[in-house]
1. Is it the case that some residue within the range 459-480 is among the hydrophobic types (A, V, I, L, M, F, W, C) and touching a Lys or Arg at 6+ places or on another chain (Cβ under 6 Å)?
2. Looking only at the range 386-419, filter to residues that are open to solvent by 10 Å² or more (accessible area, probe 1.4 Å) and more than 17 Å from VAL286 (Cβ to Cβ); which one of those is modelled with the highest pLDDT?
3. Do we find that ASP504 is surrounded by fewer than 20 Cβ atoms within 10 Å (Cβ to Cβ) and either modelled with pLDDT under 95 or in contact with a Cys (Cβ under 7 Å, 6 or more places away or on another chain) (or both) in this structure?
4. When you go through PHE310, PHE289 one by one, which is the residue that is of a type in the set (Phe, Trp, Tyr), within 21 Å of the chain's Cα centre (by Cα) and closer than 30 Å to ALA467 by Cβ?
5. Only one residue in ASP106, ASP92 is buried (at least 16 other Cβ atoms within 10 Å of the Cβ) and of a type in the set (D, E, K, R), so which one is that?
6. Of the conditions (1) of a type outside the set (Asp, Glu); (2) out of contact with any strand residue (DSSP E or B) (no Cβ under 9 Å at 6 or more places or on another chain); (3) assigned to a loop (DSSP other than H, G, I, E, B); (4) under 22 Å from SER268 (Cα atoms), VAL424 satisfies every one except a single condition; which number is it?
7. For ALA387, indicate whether it is assigned to a helix (DSSP H, G or I), within 16 Å of SER479 (Cα to Cα) and free of Cβ contacts under 8 Å to residues at least 60 places away in the same chain.
8. State the number of residues belonging to the range 351-384 that are small (Gly, Ala, Ser), touching a residue at least 40 places away in the same chain (Cβ under 8 Å) and assigned to a loop (DSSP other than H, G, I, E, B).
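The values are calculated or read from the model by the stated rules, or taken from the named source; none is laboratory data. Predicted model only: the values in this text are computed from it and were never measured. Using ideal geometry, Cβ is built from the backbone for each residue, glycine included, and neighbour counts are taken over all protein chains shown. For accessibility, only protein heavy atoms count, side chains too; no ligands or nucleic acids. Shrake-Rupley method; radii C 1.70, N 1.55, O 1.52, S 1.80 Å.
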Amino acid sequence: MRYLIGLDIGTTGVKGLVIDGAGRVVKRAFEGYPLENPRPGWAEQNPADWWRATVSVLRELLSQNGAGREIRAEDIAGIGLSGQMHSSVFLDASGEVVRPAILWCDVRTSDECRWITAAVGGRERLIELTCNPALEGFTAPKIIWLRDHEPENFKRVAKVLLPKDYIRYRMTGEMATEVSDAAGTLLFDVAGRRWSRDVLNALGLNEGMVPPYVESQDVCGRITREVADATGLLEGTPVVAGGADNTCGAVGAGIVKEGRVLTSIGSSGVVVAHTDRVMKDPLGRVHTFNHSVPERWYLMGVMLSAGMSFKWFRDALAASEKEVERLSGIDAYEILSREAAKVPAGSEGLIFLPYLTGERTPHADADARGVFFGLNLRHTKAHMARAVMEGVVFGLKDSLEIIKSTGIHVDEVRAIGGGAKSQVWRQIQADILGVDIVTLNIEEGPAFGAALLAGVGVGVYPNVIEAAENTIKAVTRVSPAQDRQEAYQGYYEIYKDLYVALKDNFKKLSRQVQAQ
C-alpha cells in the first residue's frame, strides 16, 4: 500500500494526515505552538517551534501506538506541504533564522505599504504588476519594515522564505518556493508566474533574496539522513512543493474547475473562486493568486474575524453555555446555534459588523472594529448569536459579489471549516449568498490538498484535477429559501452602509486609543 503525507504549517499548529490512494484519511496528528504579540498589532512566531511540531507530528503519524492503522516508512510515497501565506522567515547566509517570523496577521506595516505603492508608481501600477495592492499582511511590506526598523538584522538577511518552505528546507536542505505561495509576497508577477523584477528593482531588493520557484506538484527535495533519524521517515522520501494554505484548501475541496467557489469559516473567513484565466478586480478589493493547478488562478476574498467572531461571542458572553458544555459535553457552539435557529432571519433588526481585528476584503482597513447595530429591548443572547453568524456571512457576500463582478459565474459553493459543521450556519450561507451550499466527504482542509499534490508529484495521480475529482464528493446540499433571501438582501444593504457611515469614526477611535 502506498501512502501520502500532507502537512499544514498553520497559525496555531502543524496538522498532519496520511491518506491512501483513494483519498481515505488513515491517520491524523496535530501539535500546537504559541503565537506571540510583543506589541499591539504585532504577531510573531519562532520558526523553531514549527520545526519541533513538524517532527512531533511526523513521529506520531509513523508511530505504531497512534490512532489508526500502522504506517510503515517504506510505504510513504511522498510528502506535500501547505502553510500560512505571507508570513516571513528571514535567514542568514548559513541558513539560520535571523529573528522571529512576522506573520500574515501582523498589521505593523501600514507605512511600508504606502511607501511600496509610491515606489512602484502607484496603486494601479502595482496591481498591474502583481494583480494585488499593498496590504499589511503581505510579505514585501515586512521586508521593508525590517530594512527600516531593524537595519542590523536586515543586513544579515540572505534569503526570505515562507513557513512551509522553511519546513521543506529543514527537511531536505533545499531552498525553494512555489507559485501559489510566491503570489502572496507582492513580489511575484502573478499573471506571468515568475518573480517580478520590476517590483524587486523598484523596492531596491536583490532577486537573490527570494528563492527559486516551481509549480505546486513538483518534487523539490528529499528527506535527509538527519531528518530520517529524527522522524522515522526513510532517507530519500520525496518532498513535493505543495501550496499556500488557501490554494491547498481549494484543491482539498475540489475547487479545480470554473463555477465552483469555496467558503471557509475558520478563525478567518475565505472565499475562493477558481478561474482558467487571469481575472482581477481593478480596485484590488479581492486578491488574484496563482492556483496549485498548473496555468490556473483563483480570486480570493479574506475577512479577518469570521469564526473568531463567534469564538469571541462564546468566550465573552456565553459563560452559561460553556458551563453546560463542561457538565454535559454538549458543545457550547452547538447550544448557541440551536438558540440562534429559533430567531427569524435578520435577527429582528440586529446587525453585527465582524471587524474585531480590522478587515481585509473589501475595505482593507486595520482600524475597523466590531459593532452591534440596532439593539432593542426585544433582543436576547440568541438574537446576538444569530446576528454574529449572519454578519460573518454578510462579510463573505462582500467578497462573493466582487468576484462575480469580474465575470466569474458561480454554480455552487463548497463550504468547509468550522462554520460548515453547523446546519444553521450553512442555511444562513445559502440564504444570504443565494446559492446552493455543499458539504463534502473530506473535511481536512489544506493538509488534504497538500497530500493530493504529493500524490500528483510522485505519480499516484495523473494531475491535480483528476486527483481532486476522484477523491472528493458532495455529501449534503442546502438550497436558499426565497423569502429569507429577500429579507436578507435588505439587511445586507444596511450592513454595507454601516461601514461607510462609521469609517471616519473608526479612525478617530484608533487615534484615541493610541494616544492613551
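1. Yes, that holds for at least one residue.
2. Among them, the one singled out is ARG386.
3. no
4. PHE289
5. ASP106
6. (3)
7. no
8. Going through the range 351-384 one residue at a time, the tally reaches 4.
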